[in-house]
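Every number here is computed from the coordinates shown, using simple stated rules; none is lab data. Predicted, not measured: the structure shown is a model, and the values here were computed from it. Cβ coordinates were reconstructed from backbone atoms using ideal geometry, including for glycine residues, and neighbour counts include every protein chain displayed.
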Amino acid sequence: MKNDLFIMQDSEEEMEFMPILPLNEETPENLKEEDIPDLIPILPLRNTVLYPGVILPITVGRDKSIKAVQDANESNKMIGVVAQRDSNVENPKAPDLSDTGTAARIIKLIRMPDGGTTIIIQGIGRFKILEVTTDTPYFKAKIGLLTDTKPAKDKEFTAYVASIKELATQIIQLSPNIPSEAAVILSNIENPSFLIHFVASNLNSELKDKQRLLEMDDVKLRAEFLLKLLQTELQLAELKNKITTKTRTDLDRQQREYFLQQQLKSIKEELGGDMNEPEVREMKKKAETKKWPQAAKESFFKNIEKLERMHPSTPDYSVVYNHLDLMLDLPWEDYTKDHYDLAKAKKILDHDHYGMDKIKERILEYLAVLKLKGDMKSPILCFVGPPGIGKTSLGRSIARAINRKYVRLSLGGLHDESEIRGHRKTYIGAMPGRILQSIRKVGHSNPVMILDEIDKVGSDFRGDPSSALLEVLDPEQNNTFYDNYLELEYDLSKVLFIATANSLNNIHPALRDRLEIIELSGYSVEEKIEIAHRHLVPKQKEAHGLSSLKIKFPKKMLEELIQNYTRESGVRELDRQLAAIMRYLAKEVAMKDRLPEEISVGLLEKILGKSKFSNDIYKGSDLSGVAVGLAWTYVGGDILFIETSLSDGKGDLKLTGNLGNVMKESATTALSYLQAHAKDFQLDPKVFSHKNTHIHVPEGAVPKDGPSAGITMLTSLTSAFTGKKVKPFLAMTGEITLRGEVLPVGGIKEKILAAKRAGLKEVILCRQNEKDIQEINPQYIRGLRFHYVDKMNEVLNIALTGNKKHGQFPIA
């Protein structure tokens, strides 16, 4: 036998075997009966049948089989190979062996490095077991050789052989795991018996069919039966090829990954289980008790199935896992129960904040409707006012009053629209929007959410967050808020949104239309004293470890602190100054020095130094052309001096003091009005063409703008041209027209409180601003006298003609 061998089949389960084709086709046809012993060792095979002439490598694993192979190899190298009736039997008995087998010669015995044994055997002839003589240490049996009945050389048998070659060749062409060279070798096999045996060895037919083929004595019947098996095999191969071709055209990347993941899953199960199984099981357990909409539930279980098919090391695993984790963490239909005890809510609001009656009244109205109706869409409130007056902290008090969770969302400097709507989860580092992040953090779907500094939202190439907020803050739309990361609709209609802003001018018009604006003004001195006494002093005592210290903070000292060391609408600077006093006291306690019983005004100067501001800002002027106006700023109100001087020239108008366009136009309007009514003021119209006018507003480093200084500028101009002085301790605010009418302006409370702080005694206002004065607590404006006017002549009569010797200006 030549050494050239051809491998035709991959290894099977359990016993690894591989039929090999001897190219010389030498089969032991002339074997005499006496060459094969009557008593022969038996080697049971589990999953295959050995045919005469076929060479087969076998890995031997069972102890009995190893012993039988070794003894046979050391003697005459002959061994009987039979198939087990049931391949699942680990230790077969005599009845478990087939009656018909093949006598084989051991060509080679190889001892493997792992201790296993592999043999290469060649079938010699068929036999029938007559008697199993022993099964210890291995099977031995008396056998009788079987003789093949060879057919006559007729056309039918020749056709059988040709058909076998043709069908086998077709199967080889349809089977991608069989080399194409096998068809060439098959066509060159001349021995019909060997052809039948070799093709049968390589069939994927059932073991019982292969055994039946071996047991047939008639070669012609054997060829006929083999043809039937080949027909079945060919049909199966054609079907597989058709399915494979059709599937390959439809298979995309995800489907390929699915099949690979399924194989990987099977491998992992064999190695000891799936690594992500505990995580998936825990998620499913949480989902069973979750209260959420049907759409969210369906999406979750669809994605959890996808997660089960994925390996934790794949990039998409963390994306899907984080998305499912968000869905489980979101509260969906989990709400806190509101408390509708209005008396208790009012008590909490009053305890936490002094004043702010308008906001408290609005919150109580909202609670009253909820109590009567049981459910309503939450309003979108917007608190507008200067810094430091407690807009943000008021939101926390509201949450406490109605027993809701509190969350704050700072919008200052926000530029990216994705901060509101979230990023698409396919991006690296994608996250849900800050709205859903906040709801996830508090664990309930109806918190009080503070949208802090909504007027400071930016806009650039990354999008406009203000536009994204339109959906969030619209009660008609926010019940179906769509987050790009979540990819599902989320109900925000139960959230009580409260926005805060310092100015309405910078808020997007469409966004402002969705807000219920509640304007807050600065605190008066009296209000600040109460706030310091009730809240700030106890808070700073506790913050500096002085809670047990009994030191009095008299209201007179607090008033001195507020008026001479702070200049603000809110109380932040006041809080810092009180902290400085507490640090001084803490040092005295640490050094065991003697502590005063109360903080006096003298001690206040020792601790904080000389006063930073002077309450007596107004100083009377003996010069004409100087008038006092009132201005609104972000930190509250302030008084504004407007000075006018005349010089010889060509009638030019010069404006200084860092004035804005509106304020410049007010000055031009005032001068034009004065020129048009020069005779009414007993002025020569020619004087305007011979005098240059210079209007200056001190503190030039501070930008100033707005129309409310109109009447003050006209008063200053009239005083300068007529030489009449402005009445002392008089302030004014209002816009003017060329017709001489006085129009209302805003920020009245802040302006009036500033006039009170400055020590002024009289204020001129437009008559339409009288309603704003009525909203101010009378205690805070005690000592101020108000003049309500409609025409500019009335302003001038009050401001310039206080002394009767000057005469009255006519009223148009």
Loop-located GluC sites (Glu not before Pro) in the range 184-244 whose Cβ has at most 11 other Cβ within 10 Å (DSSP):
E190, E206
Set the Förster distance to 56 Å, then compute FRET efficiency between Q768 and K302 from the Cβ-Cβ distance, nearest 0.05.
0.35
Each label sits 7 Å from Cα toward the beta-carbon; between Q779 and K650 the label points are separated, in nm, by 6.1 nm
What nm value, rounded to one decimal, do you get for the distance between D86 and S187 when each label is placed 7 Å out toward the C-beta?
4.7 nm
Can you give the FRET efficiency to the nearest 0.05 for E333 and R256, using r as the Cβ-Cβ distance and R₀ = 25 Å?
0.05
So what's the range 120-230 giving for Cα Rg divided by 2.2 N^0.38 Å, two decimals?
1.23
Taking amide H positions as placed 1.01 Å from N in the peptide plane, with prolines and chain starts having none, which residues 5 or more places from I736, or on another chain, fall under 5 Å of its amide H?
G710, I711, L743
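How long is the gain from N479 to E277 if the chain were fully straight, where each residue apart is worth 0.36 nm and the alpha carbon distance is subtracted? Walk me through the intermediate numbers first.
Numbers: separation 202, 0.36 × 202 = 72.72 nm, distance 3.56 nm.
This chain segment gains 69.2 nm when fully extended.
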Share (percent) of C-alpha pair distances in the range 747-792 greater than 17 Å works out to 24 percent
Filter the trypsin sites (Lys or Arg not before Pro) in the range 326-424 down to the DSSP loop ones having no more than 16 other Cβ atoms within 10 Å, then list what survives.
K337, K377, R424
Taking the Cα atoms of the range 175-239, what is the range of coordinates along each of the three principal axes, in descending order and whole Å?
33, 28, 15
Part-to-part distance (alpha-carbon centres) for the range 627-704 and the range 784-800, which is given in Å:
18 Å
Dipole of the chain (Lys/Arg Cβ +1, Asp/Glu Cβ -1, origin at the Cα centre): which of Q235, V697, V184 lies farthest to the positive side?
V697
The range 370-430 and the range 73-133: distance between their alpha carbon centers, rounded to Å:
82 Å
Does the range 107-178 classify as rounded, prolate or oblate by the C-alpha gyration tensor (a ≥ b ≥ c root eigenvalues; a/c under 1.5 gives rounded; else a/b over b/c gives prolate, otherwise oblate)?
oblate
FRET efficiency for K686 and K761, using Cβ-Cβ distance with R0 set to 45 Å, rounded to 0.05
0.75
Using a Cα-Cα cut-off of under 20 Å, which lysines could be cross-linked to K93, ignoring same-chain neighbours fewer than 8 residues away?
K64, K67, K128, K140, K142, K208
Thinking of the chain as a set of Cα atoms, what percent of all their pairs are more than 50 Å apart?
54 percent
Just subtract the alpha-carbon distance of R111 and L470 from 0.36 nm times their residue separation and send over the number in nm, one decimal.
121.3 nm
Any idea how far apart E489 and L370 come out in nm if each label point goes 7 Å out from Cα toward Cβ?
2.4 nm
Please provide three numbers in whole Å: the alpha-carbon extents of the range 345-494 along the principal axes, with the largest listed first.
49, 35, 24
Return the loop-located GluC sites (Glu not before Pro) in the range 396-455 (DSSP other than H, G, I, E, B) with at most 10 other Cβ atoms within 10 Å of their own Cβ; answer none if there are none.
none
Extension gain from S163 to I267, taking 0.36 nm per residue of separation minus the Cα-Cα distance:
33.3 nm
Divide by every residue of the chain the summed helix terms, -39500 (n - 2.57) for each DSSP H run of at least 4, and state the resulting mean residue ellipticity at 222 nm, rounded to the nearest 500 deg cm²/dmol.
-12500 deg cm²/dmol
Please identify which residues in the range 51-76 have an amide N closer than 19 Å to a label point set 7 Å out from the Cα of K142, following the Cα→Cβ vector.
none
Dipole magnitude of the range 109-171, debye to nearest 20 (Cβ charges: Lys/Arg +1, Asp/Glu -1, about Cα centre):
200 debye
